[in-house]
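Single-structure report; data block below.
The values are calculated or read from the model by the stated rules, or taken from the named source; none is laboratory data. Predicted, not measured: the structure shown is a model, and the values here were computed from it. Using ideal geometry, Cβ is built from the backbone for each residue, glycine included, and neighbour counts are taken over all protein chains shown. Quick note on the areas: whole protein, heavy atoms, side chains included, nothing else; ligands and nucleic acids left out. Shrake-Rupley method; radii C 1.70, N 1.55, O 1.52, S 1.80 Å.
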Amino acid sequence: MIKVLHIFPAYKIGGAPINVLRFIKGSNQEVLNYSAGKVVDNSLYDDYCSNTSGSYNVDLTKFKLISFFKLVKIMRKIQPNIVHCNGKGGALYGFLLRFFFKVDLYYTFRGFHLKYKGFKHNLYVKFETIFSKFYKKSISVSSSEQKLFLETIPINHNKNIIIPNGVSVQRKELPAEIREVCESHKYNIITLSRISHQKDIETLLSAIEGLNRPDVALHIMGGYLKGDLEYQKMIENKLSSLQSKSKVFLWGDVEAASDLLWNFDIYVSSALFEGLPTAIIEAGLNQILIIGTDCVGNVDLIQDGVTGYLFPKKDVNLLISKILFVLDEIDDKVRKEILKNNLKQMKAYSIQSHCAKILSLYNEKE
């Protein structure tokens, strides 16, 4: 049986670790799965340990020689056939491992974006170009992500394919504390996101302040990134200065948060970039209206006025107007049609389909 080592920066709620775990759970009868990353969320790590042939605590959030040597030791121990790299951190370690081990490399971006400028940008483009010579395939999770990647990195286009994330939800009741807060407000807006620069939480907070609506509450489910103290301090300072701060609820990491979305009125994504945003798919499956930025990833799922509503990144005023339209003006017939359209497209993102495509890739012959 094929052995696959999945590497990503850290075991934490969100993006790569959640989607990799879904693949692992759906493919355990087909391959032997292993994983490596830094343990941030202990319950998530325990879930990995229960569903893999071996999961390892290795800090891959930044390059460290000691982390690389730990990976080398793990490679010698399990002797995988495949190393599947996730994100830029996984890519760097996978690239280096390829010089020491004869394995097949696969690479899923998990939100390809351009964060560097000048010399760093050119160096990053060079790395991605060279790395493409070493992996069998890179995987985009959406059409817009693939488009940006292929426009930026000069590689053989056949080296990249699109495999969307697999998603499922099971509707659950709200925990008592959250239910009590929701019941005290007429409208409840929700976002599932880490409190990080990528998610642009400050725009969301500014919009709630600008709404000036005592009947509207904002719920954020997702914690601060450990170590990102500068952004955390900025958000805490902004929140403390808001007149509407009593209407903003930071719940931190909530277990099975995606299964709770159906209890809310609007899902908002203020992200600056995405790969294929799992939470938006989950919101669609939960049949609540979605408002999101026009960033890579979001635009693959949100057609303005058809499956949800779009607004330009960082445009607080337009976000406010979209929220007000959905709260006060949208026709009930239009609302039902948008929810119907969205549910129809979201059903294509099944875990079964995702697993089948990845497994087919692993089993491809030269």
Can you tell me which aspartates and glutamates have their Cα less than 17 Å from the Cα of K233? Leave out same-chain residues fewer than eight positions away.
D200, E202
What's the percent breakdown of Cα-Cα distances in the chain across 10 Å bins, shortest bin first?
5, 24, 33, 24, 12, 3, 0
Per residue Cα convex hull volume in Å³ - calculated over the range 119-194:
178
Sorted largest first, the Cα spans of the range 6-151 on the principal axes come out in Å as 43, 31, 28
Number of Lys pairs (Cα under 22 Å; 8 or more positions apart or on different chains) in the range 100-143:
8
Cross-link reach list, aspartates and glutamates versus K357, counting only Cα pairs under 13 Å and skipping chain neighbours closer than eight places:
E30
Pull up the cross-link candidates among the lysines for K322, meaning alpha carbon to alpha carbon under 24 Å and not fewer than 8 places away within one chain.
K186, K199, K238, K245, K247, K313, K314, K333, K336, K340, K344
Label-point separation (nm) for K336 and S241, each offset 7 Å from Cα along Cα-to-Cβ?
4.6
Compute, for C182, the solvent-accessible surface of its heavy atoms (probe 1.4 Å) with the complete set of protein chains present, and express it in square angstrom to the nearest 10.
10
³J(HN,Hα), Karplus 6.51/-1.76/1.60, whole Hz, each residue of the range 20-32, x for Gly, Pro
5, 5, 4, 5, 4, 5, x, 10, 4, 7, 10, 9, 9
Area of Y116 that stays accessible when all protein chains are in place (1.4 Å probe, Å², to 10)
80
For the range 319-360, state the semi-axes of the equivalent ellipsoid (square roots of 5 times the eigenvalues of the alpha-carbon gyration tensor), sorted largest first and rounded to whole angstrom.
34, 12, 5
Calculate how steeply helix 351-362 sits against the longest principal axis of the alpha-carbon atoms of the chain, using the helix alpha-carbon long axis, and give the answer as 0 to 90 degrees to the nearest 10.
20
How much length is gained if the chain between A176 and L250 is pulled fully straight, taking 0.36 nm per residue apart and subtracting their Cα-Cα distance, in nm to one decimal?
25.1 nm
Ignoring solvent entirely, what values of log10 I(q)/I(0) come out of the Debye formula for the range 208-366 at 0.09 Å⁻¹ when each Cα is a single scatterer?
-0.35
